[in-house]
C-alpha cells in the first residue's frame, strides 16, 4: 500500500470519481464528507488554513482518504471541514487509520484533532491501537434525533406551545413553508439567513459566525454546488409573503439533517413553527429520522426519541506537544481568564519552550 498527500486543486478535482466511489460505500454517507463539501471548504477557508488529503492506494486503486486542514507552522492538523461539519469520518476501511496517522507523523505533524466522529464507527476503535497518546473528550457531543412517524410528528404539532405559535403567526397573515430549488433564489434567501443569525446572536455578545466573510462564502458555495443539489434542502417560512425563518439542511439516506436554522428574533415562535413544518415535510418525503445533529439544547432533547454521541479526541505525535497540551489544559482550569491570567500563562509558556529547546 502507498500513502501520498495531495495539496493542489488540480489533484483534488482529478480525484473526484474515486472520492465519490468511497463516499457512496459508507454505511451512512453524509454531505460533510462529500467531494463538493471539501472543495467548497478549501475555496473558502484556505488560505489562511493549509489543507491536504492523505490518499491510500493499493495496486494503483484508491482505497482510503483522510482530508485534513491545519497550520504548517505549528504542524497541528484537524479533519477537513471542522468546525462546520457535524459528522466526520475517514473515507475507506477503518483499519487504514493507523497507517494514515503514522504517515502524518512521519511528515512532521505534532498533533491531530479528531472531531465529530460518529459512535459505532470502527475508526474510533482502530485509533486505540495506533501507539500515539490519545486524549478523548470526556463529555462527547450529543446528537439527538427523532424517529419520523405520523404519531411523533402529530405529537409535536399538538403541543400547546406549538399551537399557540401557529395561531399567533396566522394573525399576521397566511403562513407558508417554501422549499427553494433554484441556486440563484437560494443565494438571495441566504442573505436573509445570515441577517437573521446576526440579529439573534450579536446582541447577546456572541458574535454570529456570519460576521466572518469566509463563512458566508462557504455557505454560498454549498448552495450553488451542482453536485450537492440532490442533498441540499433549503426552506423558508413566510407570513404574508415575508420571510420570518430560514433553514439550510441536507438529506442523508433516510435522515433529514437539521443543520442551520435561523429566525427573526422579533417574531416569537417563528423558529419552532418552521421546525415543526420541516418535520411534516420530511415525513412526506418518506424519511425515517429527523436528525437534530450536534448540541444538547433543550428543544432538541425535549423532542428527541433517541440520541447518539460523537467521539472527539486529540492525537499527539511528539512528547513535547503532548506535554504542552496537558500544561495548557491545567492552566486553563486554574488561571483567571483576565489580563493577569494571560500574562501568567504567556510567561509560563515561554519558560516551557525554553526548557524544551523550542520544540
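The values are calculated or read from the model by the stated rules, or taken from the named source; none is laboratory data. Note that the coordinates shown come from a computational prediction; the quantities given were computed from them, not determined experimentally. Every residue, glycine as well, gets a Cβ built from its backbone with ideal geometry; the counts of neighbours run over all protein chains shown.
Scan the stretch 44-56 and tell me whether some residue there is crowded, with 19+ Cβ neighbours inside 10 Å and part of a helix (DSSP H, G or I). Within the stretch 44-56 (the criterion being crowded, with 19+ Cβ neighbours inside 10 Å and part of a helix (DSSP H, G or I)), the answer is yes, since at least one residue qualifies.
Of the residues screened, residue 99 is one that is touching a strand residue (DSSP E or B) at 6+ places or on another chain (Cβ under 7 Å), touching a residue at least 40 places away in the same chain (Cβ under 8 Å) and surrounded by fewer than 22 Cβ atoms within 10 Å (Cβ to Cβ).
So, of the residues in the stretch 1-43 that are within 17 Å of the chain's Cα centre (by Cα) and exposed (fewer than 14 other Cβ atoms within 10 Å of the Cβ), which turns out to be farthest from residue 89 (Cα to Cα)? Going through the qualifying residues, I end up with 43. The set of residues from the stretch 122-142 being in contact with a strand residue (DSSP E or B) (Cβ under 8 Å, 6 or more places away or on another chain) and assigned to a loop (DSSP other than H, G, I, E, B) comprises 128, 130, 132, 133, 137, 140, 141. What do you reckon, is residue 131 at positive phi and either surrounded by fewer than 14 Cβ atoms within 10 Å (Cβ to Cβ) or not assigned by TED's automatic domain parsing to the domain that holds residue 257 (or both)? It is true that residue 131 is at positive phi and either surrounded by fewer than 14 Cβ atoms within 10 Å (Cβ to Cβ) or not assigned by TED's automatic domain parsing to the domain that holds residue 257 (or both). Among the residues making up the stretch 278-317, none is without any contact (Cβ under 8 Å) to a residue 40 or more places away in the chain and crowded, with 19+ Cβ neighbours inside 10 Å. Checking the stretch 93-102 against the condition returns no match, with no residue being in a strand (DSSP E or B), under 24 Å from residue 55 (Cα atoms) and in contact with a helix residue (DSSP H, G or I) (Cβ under 6 Å, 6 or more places away or on another chain). For the stretch 168-194, the candidate set comprises residues that are in contact with a helix residue (DSSP H, G or I) (Cβ under 8 Å, 6 or more places away or on another chain) and over 25 Å from residue 284 (Cβ atoms); within that set, the residue that is surrounded by the most Cβ atoms within 10 Å (Cβ to Cβ) is 194.
This table checks each residue for (1) over 17 Å from the mean Cα position of the chain (by Cα); (2) in a helix (DSSP H, G or I).
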{"residue": "186", "(1), (2)": "yes, yes"}
{"residue": "190", "(1), (2)": "yes, yes"}
{"residue": "199", "(1), (2)": "yes, yes"}
{"residue": "202", "(1), (2)": "yes, yes"}
{"residue": "217", "(1), (2)": "no, yes"}
{"residue": "268", "(1), (2)": "yes, no"}
{"residue": "278", "(1), (2)": "yes, yes"}
{"residue": "286", "(1), (2)": "yes, no"}
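Every condition in (1) surrounded by 16 or more Cβ atoms within 10 Å (Cβ to Cβ); (2) part of a loop (DSSP other than H, G, I, E, B) holds for residue 83 except the one numbered (1). When residue 88 is tested against (1) modelled with pLDDT under 90; (2) farther than 16 Å from residue 34 by Cβ; (3) buried (at least 23 other Cβ atoms within 10 Å of the Cβ), only condition (2) is not met.
Is it fair to say residue 77 is at pLDDT 90 or above, crowded, with 20+ Cβ neighbours inside 10 Å and part of a strand (DSSP E or B)? For residue 77, the condition - at pLDDT 90 or above, crowded, with 20+ Cβ neighbours inside 10 Å and part of a strand (DSSP E or B) - is met.
Only one residue in 325, 247 is surrounded by 14 or more Cβ atoms within 10 Å (Cβ to Cβ), at pLDDT 90 or above and under 25 Å from the mean Cα position of the chain (by Cα). Which one?
Just one listed residue meets the conditions, 247.
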